[in-house]
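The values are calculated or read from the model by the stated rules, or taken from the named source; none is laboratory data. Since we're looking at a predicted model, the values are computed, not measured. Cβ sites come from the backbone with ideal geometry, for glycine too, and all protein chains shown count toward neighbours. SASA here: full protein model, heavy atoms, side chains in, ligands and nucleic acids out. Shrake-Rupley method; radii C 1.70, N 1.55, O 1.52, S 1.80 Å.
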Amino acid sequence: MDLNLKNKIVVVSGSAGKEGSIGETIINRIADEGAIPVLVDRNARGFAYAENLQKKGIDSLFVQTDVTDPVEIENAVKTIAAKYGRIDAVINNVGVNDGAGLDASYEEFMDSLKLNVVSYFLLVKYALPYLKESKGNILNIGSKVALTGQGGTSGYAAAKGGVLGLTREWAVDLIQFGIRSNAIIIAESYTPAYEDWIKTLADGETVLKKINKSIPFEGRMTKTEEIADTALFIISDRSSHTTGQFVFVDGGYVHLDRALINDVN
């Protein structure tokens, strides 16, 4: 299916994670569709990602940005606009489950909010004039933690709950401009960061097997490619009448009855 994304300017925050991360996978899928991926991240590996795309003849831009700094986000959007003159979609993908729980300090809790939800607000705020011109759209990457809780991560849970609230609020607020706003909700996906966490555990393989078994559909984690493919469909014209929605790409983790797990795996 042609998603009609060719030459669209798609800005993705949190897109310079390790190879195989959700953001890195998304930018490569964007490039595969003929769209122009714009990477916004604080990690300098984004320069190499953009350069690799350019070597393949794919237009791309990396803007190194601390997304917890409002000035840097504003400047990043100015840099993008100066090069391309437009923005067709914003994918807010930043997310660090930082373990800022009830024992965290006020500063740690606020830092978690700044990274995991305030950055979403700021990127959309500064990109909004360009989204209005293009009648573009917004996609927020959310987490099941906003709905299920997890324990020991008050900052991340609060932020991801806020992401869902912003998704619906923006869908209402921006409908007059023809701008759609949606969210993808992820449960368990075996990213490099997830793998790093498993390696810190003495019984990591046992924990990993238990987690996989808890996922109703096929007893496995969601692939980052599956998340990226869904993201591209949602931001495309093929999903032109979808707004204010939470799309679960989670193998049934959030909604299906756990009593079914032994039957389906």
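Site-free segments of the chain were taken between GluC sites (Glu not before Pro) in DSSP loops having at most 13 other Cβ atoms within 10 Å, sites themselves excluded; the longest one is 20-217. If you model segment 4-119 as an ellipsoid using its alpha carbon gyration tensor, with each semi-axis the square root of five times an eigenvalue, the axes come out at 27, 15, 12 Å, biggest first.
Just the number, please: Stokes-Einstein D of the chain in µm²/s, Kirkwood Rh from C-alpha pairs, 37 °C, 0.692 mPa s.
Calculated translational D: 175 µm²/s.
In a fully extended conformation the segment linking Phe177 and Lys132 would gain 15.6 nm over its present Cα-Cα distance, using 0.36 nm per residue.
Applied to segment 137-151, the Karplus parametrisation 6.51 cos²θ - 1.76 cosθ + 1.60 on θ = phi - 60° returns per-residue 3J(HN,Hα) values of 8, 10, 10, 9, 8, x, 9, 4, 4, 5, 10, 9, x, 8, x Hz, with x for Gly and Pro. Cross-link pairs exceeding 22 Å between alpha carbons, from the set Lys18/Lys56; Lys55/Lys78; Lys18/Lys135; Lys125/Lys160; Lys8/Lys144: Lys55/Lys78; Lys18/Lys135; Lys8/Lys144.
Ligands, DNA and RNA aside, Phe248 has an accessible area near 60 Å² when probed at 1.4 Å. Here the Gaussian network model covers the chain, with springs between Cα atoms less than 10 Å apart; of Val12, Val71, Val145, Val71 fluctuates the most. Between Arg45 and His255, the FRET efficiency from the beta-carbon distance, with R0 = 45 Å, is close to 0.80.
Taking the Cα centre as origin and putting +1 on Lys and Arg beta-carbons and -1 on Asp and Glu beta-carbons, what dipole magnitude results for segment 72-222, to the nearest 20 debye?
About 640 debye.
Taking loop as defined by DSSP and a crowding limit of 11 other beta carbons within 10 Å, which trypsin sites (Lys or Arg not before Pro) in segment 80-118 fit? Sparse-neighbourhood loop trypsin sites (Lys or Arg not before Pro): none present. Figure note: Val247, Val90 ranked by solvent-accessible area, largest first, 1.4 Å probe, ligands and nucleic acids not counted: Val247, Val90. What a 1.4 Å probe finds exposed on segment 1-106 is 48% carbon and sulfur by accessible area, rounded to a whole percent.
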